[in-house]
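Written out below as structure tokens is the structure these notes cover.
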Amino acid sequence: MEELQEIQELQQGGVCVDSDSSSESCESDASAAAALLLNSGSKFLLNAMSAEEYRTVYWPKLERAVELLLTQSPMEHISISYEQIYSHVYKCVCQQHSELLYNDLMWKITSHLEQVSAELQASPPEHLIENFNLALSRYTAALHCIVPVFIYMNKFYIEAKLNRDLRDDLMKLFSDHVAEKHVATLLPLLKKAHSMPFQVNPSTMESVVKGLYTLRPDWVPLAPALFSRFIPQINPPALESQLPFYAAQDQKLQMELSQNGFSRGDQSRKRASEES
């Protein structure tokens, strides 16, 4: 009963765990579900759930919902009952199946990420940067919905017993099963694209480089110049003796831009030849 009381206190405190605007819908739905469950905790505890019932009834429904969230496109809106997902997670936690639920969720998402990695492996080199960016963006968008509805498992199992956080664990899965397998190919492609301005959309370049840094900051030494272009103050302060080197690098970039038809003073990024 103490665990139920703690859960009810958590419900009263709200369940929003991320302020990102893209996750507002998922989080508001999860909050509404929490309100509906606030007065039903005792009923859940009266109906004991066996491990077999968890395996055959509850997990299949949760697995299907997670699958839909992982595979939806960024602009697609799928119809999912967040109240049902939330209530199933809530009951699994109350019935002491948190460890089973956590292991199943990790297995499900790992399996999905291994498939994502295989698809990236088959991607042509000229499309790998774009496809990796899409995969990472889609995955982080899915987490904005998955993490809030699994908040009870996070609070009463992952944080309390494992001393970790669900979102951190899920991002580590992407790092281990996707990014780490492709970083050796991605970094040379990113450096090449960076040396040929606008070969790849600048916003895509920035998104991928920042994404890699967020996943594994220790990758910076593999391409320090590349990371420093997109992440401020990542390098130690420049010494006065290094200023000529940076001036030469800037001059080289300006020359490359000019050779590719871009005017130094052109703020619209239109080719100089198009404005003649």
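Here are the numbers for the structure shown:
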quantity: Distance (nanometres) between label positions extended 7 Å along Cα→Cβ at D168 and S50; calculated: 3.8 nm
quantity: For R164, residues with placed amide H under 5 Å, excluding near neighbours; calculated: E159
quantity: Rg/Rh (Cα only; Kirkwood hydrodynamic radius) as it applies to the stretch 92-191; calculated: 1.06
quantity: Three-way shape call for the stretch 130-186 based on the alpha-carbon gyration tensor, with the a/c threshold at 1.5; calculated: oblate
quantity: Listed peptides 60-73, 130-143, 84-97, 199-212 by packing density, highest first (mean Cβ within 10 Å); calculated: 84-97, 130-143, 199-212, 60-73
quantity: T214-E159 pseudo-label distance in nm [points 7 Å out on the Cα-to-Cβ vector]; calculated: 2.1 nm
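Since every read-out is calculated from the coordinates, none of them should be taken as a lab result. Please read all numbers here as calculations on a predicted model, not as lab measurements. Heads up, the Cβs are rebuilt from the backbone with ideal geometry, glycines too, and the neighbour counts pull from every protein chain shown.
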